[in-house]
Amino acid sequence: MDVGFIGLGQMGAGMAANLVKAGYRVTVFNRTPARAAPLLAAGATAAEKLAEACRGDAVITMVADDDALEAVVLGDAGLLVTLAPGALHVSASTISVALAERLTAAHAAHGQRFVSAPVFGRPEVAAAGKLFIVAAGPQDAVADARPLLDAMGQRTFVLSATPKAANLVKLSGNFLIACVLESLGEAMALVDRGGIDRHEYLELLTSTLFTAPLYKGYGALIADRRFEPAGFTVPLGQKDIRLALAAAEDLKVPLPIANLLRDRFLTVRAHGGDHLDWSAIGAVAARDAGGQ
């Protein structure tokens with residue numbers, strides 16, 4: 001199968017590399033061509049223009065946000081006008097429910113197929129091919145996308161024939177992760193202020209009731225105050241909470257904690273933290289309490 005891959009950031013590079021390892025003929029495109037060098041050495045082909053990555057059976061996009069994906073799909077010489085009828089677009093980006101609806105309609109109008117397949121996992125997980133993938137779309141399209149998804153992840157959850165369902169679930173998941181970041185930060189600030197070592201506290205938590213990788217991995221980042229290099233930046237975290245709030249408003253579902261999280265991300269950004277990992281919101285409670 002000939003596959004195009006657009007977006008070679010920290011997540012996309014690892015995902016595309018696993019497609020190459022799986023034996024697919026992969027054509028890659030990125031706004032910064034130098035990012036493609038390791039993939040070209042592994043056997044991928046470089047596309048000088050976006051349209052050159054859209055000539056195969058499928059194209060996968062992994063870009064930062066709604067604006068970037070709109071430009072890739074709906075812009076001049078974008079996917080919509082270059083992808084062949086019947087070809088498949090798999091969007092792995094975390095985007096709004098509203099944009100997923102627009103893309104579903106636009107691809108259908110052009111006789112193309114669209115699957116939303118956002119992913120859970122950080123860059124090292126993507127590189128290892130161990131992502132968890134949430135997919136939604138027409139049954140035939142998901143079936144054709146499945147081998148590609150299997151090459152990039154350890155498990156794919158197929159939720160619905162409607163692509164936007166996957167995006168809603170992904171946003172809800174990132175909302176929950178951000179809740180963990182905030183609650184861990186608050187709990188550590190409390191015990192730290194009481195004279196208890198936060199690393200010992202984390203060891204207690206993750207050895208008893210809170211053994212999930214989420215608590216262990218992010219808990220270590222928060223306890224160590226180790227927010228660089230960022231696996232997922234503060235602005236991206238803020239974006240996802242904003243999109244979750246927008247989806248909740250459309251569905252008339254109150255999300256009071258999400259409003260707090262939005263302000264936490266804005267606080268970190270206001271203090272020059274755009275370059276930090278989104279787990280940096282876990283240090284805001286300690287700073288509010290006069291600590292570090």
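The values are calculated or read from the model by the stated rules, or taken from the named source; none is laboratory data. It should be emphasised that the depicted structure is a prediction, and the values quoted were computed from it without experimental measurement. All Cβ positions, glycine included, derive from the backbone under ideal geometry; neighbour counts span all protein chains shown.
Candidates 176, 181: the one that is within 19 Å of residue 284 (Cβ to Cβ), in contact with a Phe, Trp or Tyr (Cβ under 8 Å, 6 or more places away or on another chain) and in the same structural domain as residue 261 (by TED's automatic domain parsing) is 181. Residue count for segment 69-99, restricted to those that are surrounded by fewer than 18 Cβ atoms within 10 Å (Cβ to Cβ) and in contact (Cβ under 8 Å) with a residue 40 or more places away in the chain: 1. Restricting attention to segment 220-235, the residues that are surrounded by fewer than 18 Cβ atoms within 10 Å (Cβ to Cβ) and under 19 Å from the mean Cα position of the chain (by Cα) total 2.
Checked against the criterion of being in contact with a strand residue (DSSP E or B) (Cβ under 7 Å, 6 or more places away or on another chain) and either free of Cβ contacts under 8 Å to residues at least 12 places away in the same chain or surrounded by fewer than 19 Cβ atoms within 10 Å (Cβ to Cβ) (or both), the candidates 173, 217, 195 yield just one match: 173. With the structure loaded, tell me whether residue 78 is in contact with a Leu (Cβ under 7 Å, 6 or more places away or on another chain) and closer than 29 Å to residue 244 by Cβ or whether it fails that test. Considered against the rule, which asks whether it is in contact with a Leu (Cβ under 7 Å, 6 or more places away or on another chain) and closer than 29 Å to residue 244 by Cβ, residue 78 comes out as yes.
Taken over segment 228-267, residues that are closer than 17 Å to residue 279 by Cα and either modelled with pLDDT under 95 or not in a helix (DSSP H, G or I) (or both) amount to 6. Pairing residues of segment 147-161 that are assigned by TED's automatic domain parsing to the domain that holds residue 22 and closer than 12 Å to residue 18 by Cβ with residues that are part of a strand (DSSP E or B) and of a type in the set (S, T, N, Q), at Cβ distances under 6 Å and at least 6 apart in sequence or on separate chains, gives 149/156.
Among the residues of segment 268-292, which ones are in a helix (DSSP H, G or I) and of a type in the set (Gly, Ala, Ser)? Lay out the reasoning, then the answer.
Within segment 268-292, the first condition is being in a helix (DSSP H, G or I), and the residues that meet it are 268-270, 278-288.
The answer is 270, 279, 280, 282, 283, 285, 286.
Can you find even one residue in segment 101-112 that is part of a helix (DSSP H, G or I) and closer than 21 Å to residue 18 by Cβ? It would help to see each step written out before you state the result.
Our first condition is that a residue be part of a helix (DSSP H, G or I); within segment 101-112, this holds for 101-109.
Filter again for closer than 21 Å to residue 18 by Cβ, leaving none.
No, the conditions are met nowhere in segment 101-112.
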